[in-house]
2 protein chains.
Amino acid sequence: MRYELYYWPSIPGRGEFVRLALEQAGLDYVDVCREPATQGYGVPAMMRALAGEMGSGPAFAPPILRSGSLVIAQTANILLYVGERHGLGPKNDAGRYRVHQMQLTIADFVKEVHDVHHPLSANLYYEDQRNEALRAAREFVRARLPKYLDHFEAVLESNERGPRNLVGGRLSYADLSAFQMMEGLNYAFPRAMARRRRKYPLLLALRDYVAKLPRIAEYLASDRRLPFNEAGIFRHYPELDT
Amino acid sequence: MRYELYYWPSIPGRGEFVRLALEQAGLDYVDVCREPATQGYGVPAMMRALAGEMGSGPAFAPPILRSGSLVIAQTANILLYVGERHGLGPKNDAGRYRVHQMQLTIADFVKEVHDVHHPLSANLYYEDQRNEALRAAREFVRARLPKYLDHFEAVLESNERGPRNLVGGRLSYADLSAFQMMEGLNYAFPRAMARRRRKYPLLLALRDYVAKLPRIAEYLASDRRLPFNEAGIFRHYPELDT
């Protein structure tokens, strides 16, 4: 069974959290928008998927994962499915819900990171809300960035199975997402992150551990991995890296 | 088994989505922060829960639901649990993930509603970002509010089992949350919503259908139901209701 991932073709964005899980699980998938529209793929195919033309009703936004008649949107929801189906998380209830909790907190954090450069509206250009973004960035770097990182560091520290994983003693989709979160933050806020490196040894170790997983290392070196850029969630605007 | 819900005692907030599910499922629960701190309840008990002192590691924010040794945070995650355990959602995979997708899209919408009055940072007062909120509100009412409502109306319209529920032919936790979303929008943006009433007959019918469910009707009339106010997510600032 081949999975179909529908996401914008030129940014890592939220689709990247799904890609990392598909890659680590060793699944066969097609990154639909990066294949030719002339063959039925491309962004037009994603627009049809969003409109619900695959038979399961509309979705608000990508990413969307399709597997036969199963069509799933919302990043954390897709990861819940991939995690349950392909062993990227604990089997027991306590672990399953704990991993999903971590993922949803990462999703909240990612939304806040995005809103630093789009504080007024996702419908306006950055240039039209740059002054507001400067104020938002000050508060983000001062208060929200450390609040979230402190939280995840404490989660690792309190894990009874050891600080390698966010939950339990095995890799989960939330660990993969935490890697992407750290990569994105290092890209978007290199100065703010460098200043805080010593406070987050466990998060940095988690980042390194995931980067060295053989399948992830192979993926990161491939051209399937999209670089961060200034059209995505994690943008490097030096003026916001206070 | 008695559930414990940990959430702020004076706002409906995100906790209300959980309360509606617990009430509709007919579950026994204690709203911990609304019980006396002198008896081990109250906000101090919630602070201990957030710090992870109940044995399952820290949580970033309330609500938290506890059931014996199971401690779950993140609204949509709690609802996933209650829905699976107590029949507030479909049993089959397609339905389960579809309901969760709806819930996560409601969560995204609720976050955007909150950010209208807090565009720069949750750490600053409304009064310190009022001018920015005025601009954010214009974009929200013009673009985002109709985009989300159009989506949910289209979801209802495309439901093959009929437009009463978001997914399938039975009540789910996402239907209950859609009710609360509509109630909150009507409270916060009465003029913008009144102007659009005719565009959303199915959403308004869903709101009415949930309000008349016997257990929900009884709950709404009780003092367990907290009124909306200007410390919560859905705030009525007339200047933002453009």
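Test B:N165 against the stated conditions and say whether it is surrounded by 14 or more Cβ atoms within 10 Å (Cβ to Cβ), facing chain A (nearest Cβ under 7 Å) and closer than 19 Å to B:V210 by Cα.
Against the criterion (surrounded by 14 or more Cβ atoms within 10 Å (Cβ to Cβ), facing chain A (nearest Cβ under 7 Å) and closer than 19 Å to B:V210 by Cα), B:N165 does not qualify.
Which of (1) over 26 Å from B:G68 (Cα atoms); (2) facing chain B (nearest Cβ under 7 Å); (3) in contact (Cβ under 8 Å) with a residue 24 or more places away in the chain does A:E139 not meet, given it meets every other one?
Result: A:E139 fails condition (3) only.
Within region A:110-125, is even one residue over 20 Å from the mean Cα position of the chain (by Cα) and more than 10 Å from chain B (Cβ to nearest Cβ)?
Checked region A:110-125: at least one residue is over 20 Å from the mean Cα position of the chain (by Cα) and more than 10 Å from chain B (Cβ to nearest Cβ).
May I ask you to verify whether A:T75 is touching a residue at least 24 places away in the same chain (Cβ under 8 Å), in contact with a helix residue (DSSP H, G or I) (Cβ under 6 Å, 6 or more places away or on another chain) and not aromatic (F, W, Y)?
So A:T75 passes the test.
With a cut-off of at least 1 residues that are crowded, with 18+ Cβ neighbours inside 10 Å and without any contact (Cβ under 8 Å) to a residue 60 or more places away in the chain, name the helices (runs of 4 or more DSSP H) lying wholly within region B:184-242.
Helices (runs of 4 or more DSSP H) meeting the threshold: B:190-196, B:201-211.
So A:R19 ticks every box in (1) basic (K, R); (2) surrounded by fewer than 17 Cβ atoms within 10 Å (Cβ to Cβ); (3) over 19 Å from B:H151 (Cβ atoms) but one. Which box is left unticked?
Unmet condition: (2).
I'd like to verify a number: residues in region A:142-162 that are under 20 Å from A:V210 (Cα atoms) and either more than 10 Å from chain B (Cβ to nearest Cβ) or of a type outside the set (F, W, Y) (or both), how many?
Residues flagged as under 20 Å from A:V210 (Cα atoms) and either more than 10 Å from chain B (Cβ to nearest Cβ) or of a type outside the set (F, W, Y) (or both) within region A:142-162 amount to 13.
From B:I72, B:I64, B:I106, grab the single residue that is at the interface with chain A (Cβ under 9 Å from one of its Cβ atoms) and either at pLDDT 95 or above or within 14 Å of the chain's Cα centre (by Cα) (or both).
Result of the check over B:I72, B:I64, B:I106: B:I72.
Of the residues that sit in region A:113-131 and are in a helix (DSSP H, G or I) and of a type in the set (A, V, I, L, M), which one is surrounded by the most Cβ atoms within 10 Å (Cβ to Cβ)?
Step by step, filter region A:113-131, then rank; the result is A:V116.
If the requirement is being out of contact with any His (no Cβ under 6 Å at 6 or more places or on another chain), under 17 Å from A:E239 (Cβ atoms) and either in contact (Cβ under 8 Å) with a residue 12 or more places away in the chain or part of a helix (DSSP H, G or I) (or both), which of these qualifies: A:L134, A:L156, A:L176, A:L171?
A:L134
Tell me whether region B:84-93 contains one or more residues that are under 20 Å from B:G232 (Cα atoms), in contact with a helix residue (DSSP H, G or I) (Cβ under 7 Å, 6 or more places away or on another chain) and either within 9 Å of chain A (Cβ to nearest Cβ) or not charged (D, E, K, R) (or both).
Checking region B:84-93: not a single residue is under 20 Å from B:G232 (Cα atoms), in contact with a helix residue (DSSP H, G or I) (Cβ under 7 Å, 6 or more places away or on another chain) and either within 9 Å of chain A (Cβ to nearest Cβ) or not charged (D, E, K, R) (or both).
Where in region B:1-81 are there strands (runs of 3 or more DSSP E), lying wholly inside it, with at least 1 residues that are among the β-branched types (V, I, T)?
B:29-31, B:64-67, B:70-73
Results for (1) modelled with pLDDT of 95 or more; (2) under 23 Å from B:L79 (Cβ atoms); (3) in contact with a Lys or Arg (Cβ under 8 Å, 6 or more places away or on another chain); (4) among the aromatic types (F, W, Y), shown as yes or no for each residue.
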site: B:L134; (1), (2), (3), (4): yes, no, no, no
site: B:P163; (1), (2), (3), (4): yes, yes, no, no
site: B:F179; (1), (2), (3), (4): yes, yes, yes, yes
site: B:G184; (1), (2), (3), (4): yes, yes, no, no
site: B:L202; (1), (2), (3), (4): yes, yes, no, no
site: B:I233; (1), (2), (3), (4): yes, yes, yes, no
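Would you point out the residue of region B:30-44, among those that are of a type outside the set (V, I, T) and buried (at least 19 other Cβ atoms within 10 Å of the Cβ), that is farthest from the other protein chains (Cβ to nearest Cβ)? Full working, then the answer.
Of the residues in region B:30-44, the ones of a type outside the set (V, I, T) are B:31, B:33-37, B:39-42, B:44.
Adding the requirement that they be buried (at least 19 other Cβ atoms within 10 Å of the Cβ) leaves B:31, B:33, B:41.
On the way: B:D31: 20, B:C33: 20, B:Y41: 23 Å.
This residue is B:Y41.
Assuming A:A49 fulfils every condition listed in (1) surrounded by fewer than 21 Cβ atoms within 10 Å (Cβ to Cβ); (2) touching a strand residue (DSSP E or B) at 6+ places or on another chain (Cβ under 8 Å) apart from one, which condition is it?
Result: A:A49 fails condition (1) only.
Out of all the residues in region A:88-103, which are aliphatic (A, V, I, L, M) and either under 10 Å from A:V167 (Cβ atoms) or over 17 Å from the mean Cα position of the chain (by Cα) (or both)?
Correct list: A:A94, A:V99, A:M102.
The values are calculated or read from the model by the stated rules, or taken from the named source; none is laboratory data. Quick caveat, the model's predicted, so the values are computed rather than measured. Note that we place each Cβ from the backbone using ideal geometry, even for glycine, and neighbour counts take in every protein chain shown.
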